[in-house]
Amino acid sequence: MHHVSEAIRYLLLQVRNPEDEMRDNEIDCFSRTLDCSRESIRVFDLLSGVPSQEELDAADVVLLGGSGDYSVAEGGPWLEAALEAMRGLYESSKPTFASCWGFQAMARAMGGEVVTDRSLAEVGTIWLTSTPEGREDPIFGPLGERFQVHIGHQDIVTRLPEGATLLASSDRVENEAFRFDGKPIYATQFHPELGREDLILRIGTYPPYLPLAGCSTLVEFAAATPDIPETEAILGRFVREVALASG
């Protein structure tokens, strides 16, 4: 494990209800994967509004994670302000890593398209294939041509925004990871912040996802879930190779 400096200040933008059991767990997951203390990750929930410019300026890296009960495709009264905040991250070239809901929101904010399609839902651990650009990318290149990821979604990015470079696809879904050209911003449909135990816990917390994984019990799901430390290494590499380099 390469140690990422404790001095880095993170801002995690969440979209989670107060009673969502994964609110705290998500912070733990990013803390572990980034090898930083919980105290270095400040949290702002986008359901309550958007962070001030001062709060954004105080962060070196912005993180966007999953959402529990909320969907970019379905929207809500809070969504447009959240998308505007993401456009601000893009305009200011703020180092940003967006996973799952964040991937969909960042795509939509910049003009991409997101739809709900349960027939293309992916839950569990799946294989992705790097694009030629992904194989040359400093963050994705070390993963090789094929790599496994932990994932859980039924909203699909059907069109990437202009200026986005596709980095990886699955057999069923084309758009699984992208970067914005000339910006320190990466986004993944999958969860590089989740280890094996984290994914099992999350699926156990959201039981409707279990059948989408092709499993009838959590024990069966756990048996099918491997450790994939090489994918968890994406976040630390992003901070070292992209975020710090842009500072």
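Quick check: is even one residue across the stretch 43-51 outside any helix (DSSP H, G or I) and exposed (fewer than 15 other Cβ atoms within 10 Å of the Cβ)?
Within the stretch 43-51, one or more residues are outside any helix (DSSP H, G or I) and exposed (fewer than 15 other Cβ atoms within 10 Å of the Cβ).
Among the listed residues 79, 83, 89, 63, identify the single one that is over 26 Å from residue 140 (Cβ atoms) and in contact with a helix residue (DSSP H, G or I) (Cβ under 9 Å, 6 or more places away or on another chain).
Sole residue among the options that is over 26 Å from residue 140 (Cβ atoms) and in contact with a helix residue (DSSP H, G or I) (Cβ under 9 Å, 6 or more places away or on another chain): 79.
Please work out which residue is surrounded by the fewest Cβ atoms within 10 Å (Cβ to Cβ), limiting yourself to the stretch 102-121 and to residues that are more than 16 Å from residue 161 (Cα to Cα) and touching a residue at least 60 places away in the same chain (Cβ under 8 Å).
Ranking the qualifying residues of the stretch 102-121, first place goes to 118.
In this structure, is residue 90 in contact (Cβ under 8 Å) with a residue 24 or more places away in the chain, in a helix (DSSP H, G or I) and within 27 Å of residue 163 (Cα to Cα)?
Yes.
If residue 232 satisfies all but one of (1) acidic (Asp, Glu); (2) touching an Asp or Glu at 6+ places or on another chain (Cβ under 8 Å); (3) at pLDDT below 95, what's the number of the condition it fails?
Failing condition for residue 232: (3).
Looking only at the stretch 166-213, filter to residues that are touching a Phe, Trp or Tyr at 6+ places or on another chain (Cβ under 8 Å) and among the β-branched types (Val, Ile, Thr); which one of those is surrounded by the fewest Cβ atoms within 10 Å (Cβ to Cβ)?
200
State whether the residues of the stretch 123-130 include one that is of a type outside the set (S, T, N, Q), in a loop (DSSP other than H, G, I, E, B) and in contact with a helix residue (DSSP H, G or I) (Cβ under 9 Å, 6 or more places away or on another chain).
no
Of everything in the stretch 204-219, what is part of a helix (DSSP H, G or I), without any contact (Cβ under 8 Å) to a residue 12 or more places away in the chain and of a type outside the set (Val, Ile, Thr)? Give them in sequence order.
Selection gives 207, 208, 211.
Would you check if there is a residue in the stretch 24-37 being of a type in the set (A, V, I, L, M), closer than 18 Å to residue 192 by Cβ, at pLDDT below 95 and not in a strand (DSSP E or B)?
No, the conditions are met nowhere in the stretch 24-37.
Which residue, of 131, 158, 165, 125, is over 30 Å from residue 52 (Cβ atoms), modelled with pLDDT of 95 or more and touching a His at 6+ places or on another chain (Cβ under 7 Å)?
Of 131, 158, 165, 125, the one residue that is over 30 Å from residue 52 (Cβ atoms), modelled with pLDDT of 95 or more and touching a His at 6+ places or on another chain (Cβ under 7 Å) is 125.
The values are calculated or read from the model by the stated rules, or taken from the named source; none is laboratory data. The shown structure was predicted, so the numbers you read here are calculated from the model rather than taken from an experiment. Neighbour counts run over all protein chains shown; Cβ positions are idealised from the backbone, glycine included.
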